[in-house]
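The values are calculated or read from the model by the stated rules, or taken from the named source; none is laboratory data. Keep in mind it's a predicted model, so treat the numbers as computed, not measured. Neighbour counts run over all protein chains shown; Cβ positions are idealised from the backbone, glycine included. Note: areas computed on protein heavy atoms with side chains; ligands, DNA, RNA excluded. Shrake-Rupley method; radii C 1.70, N 1.55, O 1.52, S 1.80 Å.
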Amino acid sequence: MPIELEPLPMLIVLSSPSGGGKSTVCRALLEADPRLEYSVSVTSRPPRPGEVNGRDYWFVSEDEFCRLIEADAFYEWAKVHDNYYGTRRDIVEEKQARGRDVVMDLDVVGGLSIKKQSDRAVLIYVLPPSLKILEQRLRARGTDSETVIQKRLRNARQEINFAEKYDYVVINENLDQTVATIRKIIEAQRHSSRHQRVKITGEDTII
Ligand code: ADP
Ligand code: 5GP
């Protein structure tokens with residue numbers, strides 16, 4: 001009897017303090033691996049310059065976000081830095097149904113909630129090499145005001161404490177190396193018994 005391995009789609013959660021590099025890493029992973037698809041979150045945060053509705057986020061009003069909470073549309077949601085963010089259940093399920101591994105960029109509350117709900121979750125925490133470098137990267141990104149940067153740096157210290165609850169922790173010093181390491185983690189996880197089912201199929205051909 002032929003033996004086959006059926007992949008079970010994974011939920012790959014990337015988290016880091018703001019400016020840690022998770023969006024950059026996500027983009028590189030998605031470009032490199034066609035089996036990965038990004039779960040575009042819903043948010044009540046206003047778009048930053050250059051952000052595109054449906055690509056970076058689904059941008060909605062706070063009222064609309066609350067309506068979606070009541071309709072049980074979210075796999076998980078959280079309030080981060082004064083704004084609401086959530087992962088739509090239907091978006092994730094549609095990708096899983098097509099056999100794709102779903103990549104999510106979530107805060108730690110969201111990441112741990114996904115882990116609690118699903119055996120398919122793989123949680124990866126991306127750390128900056130230092131708080132000084134985190135500050136430099138936030139400034140160099142040029143997307144946030146000084147007040148917002150200061151708030152994000154204060155939050156970073158608390159958020160980093162959650163890294164030990166994640167399955168993997170990677171320091172994002174050199175971007176190419178970080179992406180290569182995370183690709184190895186994903187590849188190894190695809191071979192895990194947790195993420196594939198062994199199937200004995202059909203009849204042996206009798207010669
Ligand atoms: P996050 O999504 O975690 O908030 P970003 O991906 O936006 O972080 O990264 C913050 C900034 O740091 C961006 O300008 C990005 O280009 C830069 N960056 C990310 N990783 C590295 C790295 N390894 N070395 C240098 N700069 C980086
Ligand atoms: P930003 O406003 O910088 O895009 O994101 C702020 C934070 O919200 C980041 O830590 C990001 O990972 C998190 N985030 C983005 N989408 C979601 C989501 O759907 N759920 C949760 N829990 N966090 C999210």
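Side notes on the structure shown:
- One compactness figure for region 38-114 is 1.05, namely its Cα radius of gyration divided by 2.2 N^0.38 Å.
- In region 126-206, Rg over Rh equals 1.26, where Rg is the alpha-carbon radius of gyration and Rh the Kirkwood radius from pairwise Cα distances.
- The length gained by stretching the chain between SER145 and GLU187 to full extension, at 0.36 nm per residue less their Cα-Cα distance, is 11.3 nm.
- All other residues whose Cβ lies under 12 angstrom from that of GLU70 are scored, Lys and Arg at +1 and Asp and Glu at -1, for a net of -2.
- Overall form of region 84-165 per C-alpha gyration tensor (a/c, 1.5; a/b vs b/c): prolate
- Which of SER61, SER39 is most accessible, then next, and so on - probe 1.4 Å: SER61, SER39
- Cα pair distances in region 2-86, grouped into 5 Å bins until the bin that holds the longest one, percent each: 3, 11, 18, 23, 18, 13, 7, 3, 2, 1, 1
- 0 to 90° range, to nearest 10: angle between helix 22-32 axis and the chain longest Cα axis: 30 degrees
- Working note: 222 nm ellipticity from helices only, DSSP H runs with n ≥ 4, each -39,500 (n - 2.57), summed and divided by the residues of the chain, gives -12000 deg cm²/dmol to the nearest 500.
- Just so you know, the averaged projected area of the alpha carbon convex hull for the chain sits at 13.5 nm².
- In the full protein context, region 77-207 carries 60 Å² of accessible surface per residue, based on a 1.4 Å probe and ignoring ligands, DNA and RNA.
- Accessible-area composition of the chain, carbon plus sulfur, in percent [1.4 Å probe]: 51 percent
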